[in-house]
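Derivation of every value follows stated rules applied to the coordinates shown; laboratory data play no part. None of these values were measured; they are calculated from a predicted model. We place every Cβ from the backbone using ideal geometry, glycine too, and count neighbours over all the protein chains shown.
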Amino acid sequence: MPNARILLVDDDAACLDATTTVLSFWGYAADIAKDSATALSLENRQSYDFLITDFELPDMNGIELFLRIRQSQPDIKGILVTGALTEKRRFDATTAEMLADLQKSQNALQQILTLLDLHYRIH
């Protein structure tokens with residue numbers, strides 16, 4: 001199992017708990033943040049391979065957060081997971097060169113695991 005470092009950001013505690021539990025079960029270590037300020041504080045102390053973030057956060061959106069973190073960690077991969085995936089958000093995520101944009105659903109966790117697995121099979 002790859003030794004990936006993941007930063008998981010969502011203001012929904014239930015989503016954080018569920019995603020962290022599943023990632024941990026599959027051998028991935030994840031640090032969690034409920035807002036962008038906490039995420040930025042964490043990324044100042046730790047390098048991450050992946051940012052998995054909700055779009056709607058209290059202090060900035062997930063795409064803005066990804067772009068901000070990528071300034072200091074240019075190799076980080078971003079996965080946007082949102083309850084309201086619009087064409088504009090999809091376009092903005094693609095323009096920001098995020099790895100994926102996903103609709104929050106029962107399948108989102110499986111899609112995240114598939115993306116992580118594919119990334120490590122290719123690299």
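Here are the numbers for the structure shown:
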item	result
Residue within region 59-75 that is under 20 Å from residue 120 (Cα atoms), of a type in the set (A, V, I, L, M, F, W, C) and touching a strand residue (DSSP E or B) at 6+ places or on another chain (Cβ under 7 Å) present	no
Residue within region 108-119 that is assigned to a strand (DSSP E or B) and either in contact with a strand residue (DSSP E or B) (Cβ under 8 Å, 6 or more places away or on another chain) or under 22 Å from residue 25 (Cα atoms) (or both) present	no
Of residues in region 81-98 being of a type in the set (Ser, Thr, Tyr) and in a helix (DSSP H, G or I), the one surrounded by the most Cβ atoms within 10 Å (Cβ to Cβ)	94
Per-region count, region 1-40, residues of a type in the set (Ser, Thr, Tyr) and more than 20 Å from residue 56 (Cβ to Cβ)	3
Hey, residue 101 surrounded by 17 or more Cβ atoms within 10 Å (Cβ to Cβ), among the acidic types (Asp, Glu) and free of Cβ contacts under 8 Å to residues at least 24 places away in the same chain or not	yes
For residue 50: the one exception among (1) more than 17 Å from residue 3 (Cβ to Cβ); (2) touching a residue at least 24 places away in the same chain (Cβ under 8 Å); (3) in contact with a Phe, Trp or Tyr (Cβ under 9 Å, 6 or more places away or on another chain)	(1)
Some residue of region 79-96 being out of contact with any Asp or Glu (no Cβ under 7 Å at 6 or more places or on another chain) and under 16 Å from residue 6 (Cα atoms)	yes
Which listed residue is more than 12 Å from the chain's Cα centre (by Cα) and not small (Gly, Ala, Ser), from 8, 42	42
